[in-house]
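The values are calculated or read from the model by the stated rules, or taken from the named source; none is laboratory data. What you are looking at is a predicted structure, and each value in this text was computed from that prediction instead of being measured. Neighbour counts are summed over all protein chains in view; Cβ atoms, including those assigned to glycine, are modelled from backbone coordinates with ideal geometry.
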């Protein structure tokens, strides 16, 4: 047991000499969509969804080698998701014809990163998983010029999770410019309404982001 403890201490000390940890501020623009399917064929045929422009902002913590190599990252982000939609049918009553939904998530990504450094310039790639919790959501009916706050548990679930990956460039180990793709695997839809609701709904987001490391 004593030998094992000594080995662990040596490993920690060795690791601390070759890696460094940094906090950073992350901000970006989201291009979000909701991938939906319906049980009613007429709704499926009439429903069209498109991307919603949103934002992402928060903090990241990176544990990386001082030179090139494998590291990790965890974050705490506010990420706006959702989609625009249009129903091209006049035969469907009590349905929003055109509008959008905004959903504000608290999101925790956990990624494995690999960075290759050449002088003050670096390139990196990463991949991992994320978990999210919806703080608020708003549905806007542009046809009727109305909006209301979503009621969680009636229209959609708060929880979301999935995977993400991305890549970017790094300057002076301070500034990172990159892009991220994330795909939800959690069905956030709830069929608990008199309005036609999707049987399945997942979030898909492409983000262009900027990170400044302290």
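Structure above, values below:
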item: Breaking point among (1) on the phi > 0 side of the Ramachandran plot; (2) touching a strand residue (DSSP E or B) at 6+ places or on another chain (Cβ under 9 Å); (3) surrounded by fewer than 15 Cβ atoms within 10 Å (Cβ to Cβ), for residue 121; result: (1)
item: Residues located in segment 133-147, provided they are out of contact with any strand residue (DSSP E or B) (no Cβ under 6 Å at 6 or more places or on another chain) and at negative phi; result: 144, 146
item: Some residue of segment 147-158 being modelled with pLDDT of 95 or more, in a strand (DSSP E or B) and within 23 Å of the chain's Cα centre (by Cα); result: no
item: Single unsatisfied condition, residue 143 versus (1) assigned to a strand (DSSP E or B); (2) under 24 Å from residue 87 (Cα atoms); (3) touching a residue at least 24 places away in the same chain (Cβ under 8 Å); result: (1)
item: Answer from 79, 68 - the residue that is more than 16 Å from residue 179 (Cα to Cα) and in contact (Cβ under 8 Å) with a residue 12 or more places away in the chain; result: 68
item: Segment 169-178, residues that are in a strand (DSSP E or B) and either at positive phi or surrounded by fewer than 15 Cβ atoms within 10 Å (Cβ to Cβ) (or both); result: 169, 171, 175, 177
item: Breaking point among (1) exposed (fewer than 14 other Cβ atoms within 10 Å of the Cβ); (2) farther than 30 Å from residue 20 by Cα, for residue 70; result: (2)
item: Checklist (1) part of a strand (DSSP E or B); (2) on the phi > 0 side of the Ramachandran plot applied to residue 181, failing item; result: (2)
